[in-house]
Structures are given as structure tokens and as C-alpha cells.
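> Input: one structure, supplied below.
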Amino acid sequence: MAILGAGGIRDEPVAVDGKVVVHPILPLSLTFDHRAVTGGEAARFLKALVQALEAAEA
């Protein structure tokens, strides 16, 4: 069991190749039951979710 929370998208400065550029940022928060899911599994899920969201942007 897990709960995924998403904040509001906002523009924030981000360093890219040594330069500061503005990108939309979506804060994500994942809580999960350690009795059912390991931290590694949760981290892999969150990484896959971020990659899917970034691919949808392109």
C-alpha cells in the first residue's frame, strides 16, 4: 500500500550544464507501508514515475 501526493506545478530556477534556466517543477511525495514494500521498491517506482512524466513532456 502506498500514497502518492503531488503538489502544484511551479516554475523554478534549475542548473543545467552550468547555466541557470527556468523549468516547471512538480513536487512529489510518496509514503508507503514498510511491512508491504521495501524502500528500494518504492524508490524504483518513484524513479520510473519521474522518467515517465519527463518523457511525456518531450
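> On the given criteria, is Ala48 in a helix (DSSP H, G or I) and at pLDDT 95 or above? Reasoning before the result, please.
On the way: in a helix (DSSP H, G or I): yes; at pLDDT 95 or above: yes.
Yes: the conditions hold for Ala48.
> State which residue is surrounded by the most Cβ atoms within 10 Å (Cβ to Cβ) when the search covers only segment 25-37 and only residues that are free of Cβ contacts under 8 Å to residues at least 24 places away in the same chain and farther than 15 Å from Met1 by Cβ.
Step one: list which residues in segment 25-37 are free of Cβ contacts under 8 Å to residues at least 24 places away in the same chain, which gives 25, 27, 34-35.
After this cut, where a residue has to be farther than 15 Å from Met1 by Cβ as well, the list is 25, 27.
Working: Ile25: 14, Pro27: 11.
Ranking the qualifying residues of segment 25-37, first place goes to Ile25.
> All but one of (1) part of a loop (DSSP other than H, G, I, E, B); (2) in contact with a strand residue (DSSP E or B) (Cβ under 9 Å, 6 or more places away or on another chain) hold for Val14, so report the exception by its number.
(1)
> Between a first residue in segment 2-21 that is in contact (Cβ under 8 Å) with a residue 12 or more places away in the chain and a second residue that is among the hydroxyl-bearing types (Ser, Thr, Tyr), which pairs have beta carbons less than 6 Å apart while being 6 or more apart in sequence or on different chains?
Listed pairs, sorted by first residue: Ile3/Thr31; Gly5/Ser29.
> Any idea which of (1) surrounded by 10 or more Cβ atoms within 10 Å (Cβ to Cβ); (2) under 15 Å from the mean Cα position of the chain (by Cα); (3) modelled with pLDDT under 95 is the one Glu57 doesn't satisfy?
Of (1) surrounded by 10 or more Cβ atoms within 10 Å (Cβ to Cβ); (2) under 15 Å from the mean Cα position of the chain (by Cα); (3) modelled with pLDDT under 95, only one is false for Glu57: (1).
> Right, next: Just to be sure, is Asp17 over 15 Å from the mean Cα position of the chain (by Cα) and at pLDDT below 95? Step through it out loud before you land on a result.
On the way: over 15 Å from the mean Cα position of the chain (by Cα): yes; at pLDDT below 95: no.
Against the criterion (over 15 Å from the mean Cα position of the chain (by Cα) and at pLDDT below 95), Asp17 does not qualify.
The values are calculated or read from the model by the stated rules, or taken from the named source; none is laboratory data. Not measured: the values here are computed from a predicted model. So basically every Cβ, Gly included, is an ideal-geometry build from the backbone, and we count neighbours across all protein chains shown.
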